[in-house]
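Novice: Pasting in a structure now, in structure tokens, and then I'll have a few things to ask.
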Amino acid sequence: MKINRKSVFLILSVTLSVLGMSIIDGFVQLPYLYKSIVKIFLFLVVPMAYFLRYKDQYSHLKKLFVPKKSDFKLALLLGIGVYSVILLAYFLLKNQIDLSSIRESLTANIGVNEHNFVYVAIYISLINSLLEEFFFRGFAFLILKENAGRLFAYVFSALLFALYHVGMTSGWFHWSIYLLAMTGLFAGGSIFNYLNEKSKNIYPSWLVHMFANFAINTVGFILFGLIWLKGFYLYMNTYV
């Protein structure tokens, strides 16, 4: 690991931003709109302060948003695979999860309900996923890699990505499912880093991330009774 002013700025800003967002998710529990505003500040404005401070890094910032057509085919296939795995995991583990508690927590703590979930789902899938990819894969990996070293950037970005999700899902699962989920998030973050390291932009991981959110939102539609997969439920309950 290389220690310099840029790497220290990156590590501290990422760590404090994730810690702040986790506290808000787990303890403050703001309404979803206000929470999103805070997140935009921490995950967008804070990184941009780095580029204002170190103007020589602008060229690296621009590269994050230059797409390459050759990267999208693999990302699309991975996205479809991730969507399928998440939905399968949900149907296999749904009896181990207090689904009514999750639904009630979303409604009571951040105001998400069956009336506004469609809008929240669109935001999460398209906008929030891009914000997180810029922060975790662009800022906390590709930019950090240039200043602190490849191995450290891989582990740091993936670990912070996993820990970031602890606050927002606090109390939802048994500890064993938490451990499984955190391991999966760390592995997923590492794969996202690999995709973006090859392409040198954030679009491949954003595409896969969107499909992961599509799957999570599909579960949300089921929890809020907006869709009912009667045939699939019957199949899973009969044969699994």
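Novice: Please verify whether Ile11 is closer than 20 Å to Ser157 by Cα, surrounded by 12 or more Cβ atoms within 10 Å (Cβ to Cβ), hydrophobic (A, V, I, L, M, F, W, C) and over 16 Å from the mean Cα position of the chain (by Cα), treating the condition exactly as stated.
Specialist: So Ile11 fits the description; yes.
Novice: While we're on this one: Restricting attention to region 27-61, which residues are part of a helix (DSSP H, G or I), surrounded by 12 or more Cβ atoms within 10 Å (Cβ to Cβ) and of a type in the set (Ser, Thr, Tyr)?
Specialist: Passing the criteria: Tyr32, Tyr34, Ser36, Tyr50.
Novice: Of all residues in region 152-181, which are part of a helix (DSSP H, G or I), modelled with pLDDT under 85 and not hydroxyl-bearing (Ser, Thr, Tyr)?
Specialist: His165, Val166, Gly167, Met168, Trp175, Ile177, Leu179, Leu180, Ala181
Novice: Return a yes/no flag: does region 98-114 have any residue that is surrounded by 14 or more Cβ atoms within 10 Å (Cβ to Cβ) and at pLDDT 85 or above.
Specialist: Checked against the condition, which is being surrounded by 14 or more Cβ atoms within 10 Å (Cβ to Cβ) and at pLDDT 85 or above, region 98-114 yields no hits at all.
Novice: Here's something else I'd like to know. Do we have any residue at all in region 78-94 that's in contact with a Ser or Thr (Cβ under 8 Å, 6 or more places away or on another chain), modelled with pLDDT of 90 or more, surrounded by 19 or more Cβ atoms within 10 Å (Cβ to Cβ) and within 14 Å of Ser205 (Cβ to Cβ)?
Specialist: no
Novice: Every residue in region 62-83 that is out of contact with any Leu (no Cβ under 9 Å at 6 or more places or on another chain) and either assigned to a helix (DSSP H, G or I) or polar (S, T, N, Q) (or both), please.
Specialist: Across region 62-83, the qualifying residues are Lys62, Lys69, Ser70, Lys73, Leu77, Ile80, Gly81, Val82, Tyr83.
The values are calculated or read from the model by the stated rules, or taken from the named source; none is laboratory data. Bear in mind the structure is a predicted one, so any value in this text is a computation, not a measurement. Virtual Cβ from ideal backbone geometry, glycine too; neighbours counted across all protein chains shown.
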